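Reading through the structure tokens given below for one structure.
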Amino acid sequence: MEFMAVVDAKARGPSGCAVIGLYENGELGLAARQVDKQLDGLITNLHGSGDFAGKLGDTLMLPLPAGAAASRLLLIGLGPRASFARKQFRKALQSAAQALSKTGAGDALVYLALEPIAELDMQYRARIVSEVFSSHAYKIPDLKTSPKPKARPLTTLSLATADARAAKAAAEGLRIGAAIGQGMALARDLANLPPNVCTPVYLGSRALQLAKEFPSIRTKVLDEGAIRALKMGAFLAVAQGSAQPPRLIVCEYRGGKKNAAPVCLVGKGITFDSGGISLKDPPGMDEMKFDMSGGAAVLGTVRAIAELKLPINVVAIVAAAENMPSGTAVKPADIVTTMSGQTVEILNTDAEGRLVLCDAITYSRRYKPAAVVDVATLTGACIVALGNHVSGLMSNTPSLAQELESAGMRADDRAWRLPIGEDYVEQLKSNFADIANVGGREGGACTAASFLGKFAKDLLWAHLDVAGTAWLSGAQKGSTGRPVPLLVDFLIHRT
Ligand code: BES
Ligand code: MN
Ligand code: ZN
């Protein structure tokens, strides 16, 4: 989909659909007032007749007579003017995208960003527009064999702005939102694919493909032998029960100064988490194909920033493996030596995320990173604590936590800070090794992050537990593409 900002909409000729907002009390939005005049009070009359109440998310599609400025008029309810803010703006856009997808309109002109919206400047408004419309256009790569209805997708979306200055800000916002949308689409595709397709080797091949697409990206994929040479004993222990060999995927994006320290984004890439010998219960086990969502998100983020040509250096590191039970699988009570030299007693083979991540975090040290952020569907406990709305955020560096928290707010992809530290590490004591990989039920998200903290040590490090936010269950089952928006916003604000 192509996005553009326009100033003088009329001068651009007729569009397939004009999208206009209406508040709940019948008050017309800025653009609606103009259009109402052009249409001899049609919109005012509609409200008077009770045909359109303007409730948030309500839509009404009207065909317009030949010769009008648009073939169709789409009215969007904005709710009460007093409460119209970023959340309502997003909701209104989602309804617009939904209604437009049911028409034959190939292009549309959206007037909604002309409304005043508290705390949202033009760039962010435009960014939400392109992000919402590209997310809405996303299709799951399904393997359904029934014939698909012929798609008539929107190919061009224009955003009406008041003047040249606003148009410039809007164009930049549209560009950012579209890149985030593409990054999310990559992350979602990878997570939605079945685990017999999306294996560690496959993830590696997709990362190599990124390097082919973008000259600013260089990808290395380390095989089992190379991982062994690095002495990543914890990572290998997780992989050893599976017929699928592990991969350490390293995707370097160079947009900044040659010697500028990069931000390392470390992703959990468990392409299927059966639990291993500590086998999970069958209900819902299929959802463990999403256990590589952290890895998918860091690759999606690199794609987005490469598209944006951000002046920053970033390295995505994905520890990809499959966690399976078998005669060769790691067992509860096995002790492994990590790349850092610390020994770990594996008391529960289902706590595998922290095992692959601790070695990947240690690997990131070779980049002398400015910051390390790991992203993982790490614990069910995080879902119990926070639900599906916000990601868990833990860090050993308050300023880095603050940066990520703010990025999450701006990007509507929130994270909430949770504690880590000595008290939680205490729960991980082992009589037989330096540390155990589980610390009991209490504070499960915090003990998991505190385990990682023992490997991050002096690094400026943060951890995002996205177990609850990376995918949806139920009727809407599928990947959400989170936290790509948070990460891209975080990186934009680092430039
Ligand atoms: N991938 C899971 C975490 C998870 C569970 C994500 C449910 C989304 C939904 C992780 O590897 C895991 O199994 N964690 C265990 C840790 C426990 C054994 C200490 C958990 O959360 O139950
Ligand atoms: Mn697990
Ligand atoms: Zn897992």
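The values are calculated or read from the model by the stated rules, or taken from the named source; none is laboratory data. This one's a predicted model, so the numbers in the text were calculated from it and none came from an experiment. Cβ sites come from the backbone with ideal geometry, for glycine too, and all protein chains shown count toward neighbours. Accessible surface areas use protein heavy atoms only, side chains included; no ligands, DNA or RNA. Shrake-Rupley method; radii C 1.70, N 1.55, O 1.52, S 1.80 Å.
Can you grab the distance from the C-alpha centre of region 235-304 to the C-alpha centre of region 325-372, Å, no decimals? Using only Cα atoms, the two centres lie 13 Å from each other.
Couplings for region 233-242, taken from phi via the Karplus curve 6.51 cos²θ - 1.76 cosθ + 1.60 with θ = phi - 60°, read x, 6, 4, 5, 4, 5, 6, 5, x, 9 Hz in order; Gly and Pro are left as x.
Spelling out what I want: for every residue of region 257-270, take phi, set θ = phi - 60°, compute 6.51 cos²θ - 1.76 cosθ + 1.60 (Karplus), and round to whole Hz; glycine and proline get x. Karplus values, whole Hz, x for Gly and Pro: 4, 3, 9, 5, 4, x, 8, 9, 10, 9, x, 6, x, 7.
Which value at 222 nm does the chain reach when only helices count, each DSSP H run of 4 or more adding -39,500 (n - 2.57), with the total divided by all residues and rounded to the nearest 500 deg cm²/dmol?
After summing the helix terms and dividing by the residues of the chain, the value is -11000 deg cm²/dmol.
The antiparallel fraction among DSSP beta bridges confined to region 181-492 stands at about 50%.
Is any residue of region 400-429 close enough, with backbone N under 19 Å, to a label point placed 7 angstrom from the Cα of H493 along the Cα-Cβ axis, and if so, which? Of the residues in region 400-429, 400-418 have backbone N under 19 Å from the label point off H493.
Normalising by residue count, the chain has a Cα convex hull of 155 Å³ per residue.
D36 contributes about 20 Å² of solvent-accessible surface, heavy atoms of the protein only, 1.4 Å probe. Each Lys and Arg Cβ is given +1 and each Asp and Glu Cβ -1; about its Cα centre, region 2-170 then shows a dipole of about 520 debye.
Annotation: W471 carries an accessible surface of approximately 20 Å², with a 1.4 Å probe and no ligand, DNA or RNA atoms counted.
For region 1-25 versus region 428-468, the inter-centroid distance based on Cα atoms is 51 Å.
How high is the relative contact order of region 362-495, in percent, counting Cα pairs under 8 Å that sit 6 or more residues apart? Can you show the working numbers first?
Details: 225 pairs, mean separation 50.1, N = 134.
Across region 362-495, relative contact order equals 37 percent.
Taking 8 Å as the Cα distance limit and 6 or more residues as the minimum spacing, I'd like the relative contact order of region 404-468 as a percentage. Value for region 404-468: 26 percent. Under 5 Å from the amide H of A70 lie the amide H atoms of S15, each residue being 5 or more positions distant or on a separate chain, with H modelled from the backbone and absent for Pro and chain starts.
For the residues E322, E115, a 1.4 Å probe over the protein chains yields an accessible-area ranking, largest first, of E322, E115.
Extension gain for S205 to L279 (0.36 nm times residue separation, less C-alpha to C-alpha distance): 23.8 nm.
Dipole magnitude for the chain: computed about the Cα centre from +1 point charges on Lys and Arg Cβ and -1 point charges on Asp and Glu Cβ, it is near 1260 debye.
Go through A169, M4, T155 and say which Cα lies farthest out towards the positive end of the charge dipole of region 2-170; charges sit on Cβ, +1 for Lys and Arg, -1 for Asp and Glu. Ranked along the dipole, the leading option is T155.
Length gained on full extension, K457 to K220, computed as 0.36 nm times the residue gap minus the Cα-Cα distance: 82.7 nm. Between L30 and A68, the simple spin-label model (points 7 angstrom out along Cα→Cβ) gives 2.3 nm. When H47, H463, H493, H389 are compared by accessible area at a 1.4 angstrom probe, the order from most to least is H389, H493, H47, H463.
Distance from the Cα centre of region 202-219 to that of region 76-145, in angstrom? Here the two parts' Cα centres lie 31 Å apart.
Dipole of region 2-170 computed with +1 at Lys/Arg Cβ and -1 at Asp/Glu Cβ about the Cα centre; of G67, G16, S130, farthest Cα towards the positive end is S130. Pairs spanning more than 28 Å between alpha-carbon atoms, out of K309/K454; K258/K454; K280/K429; K280/K457; K212/K258; K268/K331: K309/K454; K258/K454; K280/K457.
Taken one residue at a time, the phi angles of region 18-24 give Karplus couplings (6.51, -1.76, 1.60, θ = phi - 60°) of 9, 10, 10, x, 9, 7, 5 Hz. Gly and Pro are set to x. In region 395-428, whose amide N lies under 17 Å from the spot 7 Å out along Cα-to-Cβ of A118? List them in ranges. What the label zone holds, given the 17 Å backbone N cut-off, is 410. Entry note, the chain: relative contact order of 13 percent, from Cα contacts under 8 Å with a spacing of 6+ residues. Each residue, K148 and K102, gets one label point 7 Å from its Cα in the Cβ direction; the gap between the two is 2.2 nm.
Give, rounded to the nearest 20 debye, the magnitude of the charge dipole that region 205-364 has about its Cα centre when Lys and Arg contribute +1 at Cβ and Asp and Glu contribute -1 at Cβ.
Dipole about the Cα centre, nearest 20: 920 debye.
The packing ranking, built from the mean of other Cβ atoms within 10 Å per residue, places the peptides 365-372, 351-358, 404-411 in the order 351-358, 404-411, 365-372, highest first.
Mean projected area of the convex hull spanned by the Cα atoms of region 2-170, taken over all viewing directions: 10.5 nm².
Were the residues from R165 through K139 laid out at 0.36 nm apart, the gain over their Cα-Cα distance would be 5.9 nm. Using the Cβ-Cβ distance between T343 and K309 with R0 set to 56 Å, the FRET efficiency from 1/(1 + (r/R0)^6) comes to roughly 0.80.
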